[in-house]
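Take a look at the structure set out below.
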Amino acid sequence: MMNGEEVISMYQGLSELTGQMLACAKEGDWDHLVELESRCADQVQALRAGEVLAPLSGASRERKVRIIHEIMANDRAIRDLASPWMTELSRMLSSTGNERKLAAAYGAGNGL
């Protein structure tokens with residue numbers, strides 16, 4: 001089990017990691033973002049396994065809440081940046097699927 005300062009340190013690490021993820025999203029570096037997301041998931045799992053259930057003191061609790069808000073803001077910004085890209089990818093995949101259906105239905109490529 002982690003003590004309160006270790007928990008705060010883990011949350012701070014997550015905030016920094018999500019900040020890096022946001023920078024990758026802004027640059028369109030989706031491959032690196034996926035790598036960082038995997039590291040983030042590992043840290044979240046470690047935090048869940050070791051976080052103390054006892055309440056933190058006032059100042060530590062306020063710091064933890066502030067850090068969690070930073071993490072959530074980074075996550076929201078990443079999703080906002082990724083959504084148009086994901087929508088475009090979905091449109092492209094749908095278009096390709098429709099082209100295949102038309103080709104199959106009308107025999108494209110068989111001289112008709």
| request: Starting from the range 43-68, keep only residues that are closer than 12 Å to GLU6 by Cβ, then list their pairs with residues that are among the polar types (S, T, N, Q) whose Cβ atoms are within a distance under 8 Å, requiring at least 6 positions of separation or different chains. | output: VAL52/ASN3
| request: Being over 19 Å from ILE8 (Cβ atoms) and among the polar types (S, T, N, Q) is the filter here, so list the residues in the range 21-74 that pass it. | output: SER38
| request: For the range 1-22, enumerate the residues that are without any contact (Cβ under 8 Å) to a residue 12 or more places away in the chain and within 15 Å of MET72 (Cα to Cα). | output: GLU16
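Working carefully through the options GLN20, GLN45, find the one that is among the polar types (S, T, N, Q), modelled with pLDDT under 95, part of a helix (DSSP H, G or I) and open to solvent by 60 Å² or more (accessible area, probe 1.4 Å). Let's see the steps before the verdict.
Details: GLN20 fails: modelled with pLDDT under 95.
Answer to the check: GLN45.
Go through ASP31, ASP75 for me and flag whichever is part of a helix (DSSP H, G or I), within 15 Å of the chain's Cα centre (by Cα) and free of Cβ contacts under 8 Å to residues at least 24 places away in the same chain.
Numbers: ASP75 fails: free of Cβ contacts under 8 Å to residues at least 24 places away in the same chain.
After ruling out the rest, the residue left standing is ASP31.
The values are calculated or read from the model by the stated rules, or taken from the named source; none is laboratory data. Bear in mind that the values here come from a model prediction, so they are computed numbers and not experimental data. As a convention, Cβ positions derive from the backbone with ideal geometry for all residues, glycine included, and neighbour counts pool all protein chains shown. Remember, those area values only see protein heavy atoms, side chains included, never the ligands or the DNA or RNA. Shrake-Rupley method; radii C 1.70, N 1.55, O 1.52, S 1.80 Å.
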